[in-house]
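Beneath this line is the structure, given in structure tokens, with notes to follow.
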Amino acid sequence: MDRHNNYFIISGFLAFSLFFFFLGLFIYMLFVSVKDINYGMTKQKYIAVSVVIPKNIVKVTSSAASLQTSSKSLSQNIDVNDLFSNVWTRKINLQKRKKKVNTKRIKDIAKKIKTAEKNSVNSIAEKIENLDMSQSQKNEQQASSANEVNEYLAKIQAIVYQHFNVPPNSAGNSVKSVIELDPLGHMKDFRILTYSANEALNAEADKIKARLKNVIFPKNPQNRSSRTIVVLISKE
């Protein structure tokens, strides 16, 4: 409680002191007189006139021109070579060093290039020869196989004609037929594609199938089944 009373007294004292300070300051501001400074013009019996006398302007162009001419003459008379005449400088040789050429290595490379070109030319020629030989062999094989096929077809037609009996009074007529064979030469089918105008020839053509059932034909040179058209022409 004593401490709170002390705080209360101190705060009251501070409040009253501030109040009296501001009150005194306010009263001082009210009663202190402010001095006004007045300016006025006094009448005189004379007239003041100010006279401005122009000063003589000295031209400096001549001196500037003389300075320029003197500087020009000095700059023209100075030689740069004279400035560096007494300075020692090291002489620099600008000779280029010649590179050593290894002629032996160049010759070896040239030989290798020549041998490589020769080998490439020889290889190309060999390839062309091989192609020509293979092409000729292929052509020969094709020709031989074509001859074998033609012989094979001729034998089939000959066997069919062996089992064909030409009927009388049928000259000039023909029947178109087809025969199917397996690679071993056994007949798989025989049929007439187009008949003729002669009935006797047509009847004879129908009998051929039964006659060829047990006939063994030559083997196919290409080892595959074949289908051959046989035209039966009546010739007396």
Checklist entry - Do we find a residue being surrounded by 13 or more Cβ atoms within 10 Å (Cβ to Cβ), at pLDDT 90 or above and either at positive phi or part of a helix (DSSP H, G or I) (or both) anywhere in region 211-224? => result yes
Checklist entry - Limited to region 165-186, what total is found for residues that are in a loop (DSSP other than H, G, I, E, B) and surrounded by 13 or more Cβ atoms within 10 Å (Cβ to Cβ)? => result 8
Item to check | Selection status of ALA116, surrounded by 10 or more Cβ atoms within 10 Å (Cβ to Cβ) and modelled with pLDDT of 80 or more | outcome: no
Checklist outcome for this item: If we ask which residues in region 197-210 are of a type in the set (S, T, N, Q) and more than 20 Å from GLN162 (Cβ to Cβ), their number turns out to be 1
Next on the checklist: Checking ASP189 against (1) surrounded by 18 or more Cβ atoms within 10 Å (Cβ to Cβ); (2) assigned to a strand (DSSP E or B): exactly one of these is not met. Which one?
Outcome noted: (1)
Item to check | region 193-233: number of residues that are among the β-branched types (Val, Ile, Thr), within 15 Å of ILE159 (Cα to Cα) and touching a Lys or Arg at 6+ places or on another chain (Cβ under 6 Å) | outcome: 1
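The values are calculated or read from the model by the stated rules, or taken from the named source; none is laboratory data. None of the values given here were measured: they were computed from a predicted structure. Every residue, glycine as well, gets a Cβ built from its backbone with ideal geometry; the counts of neighbours run over all protein chains shown.
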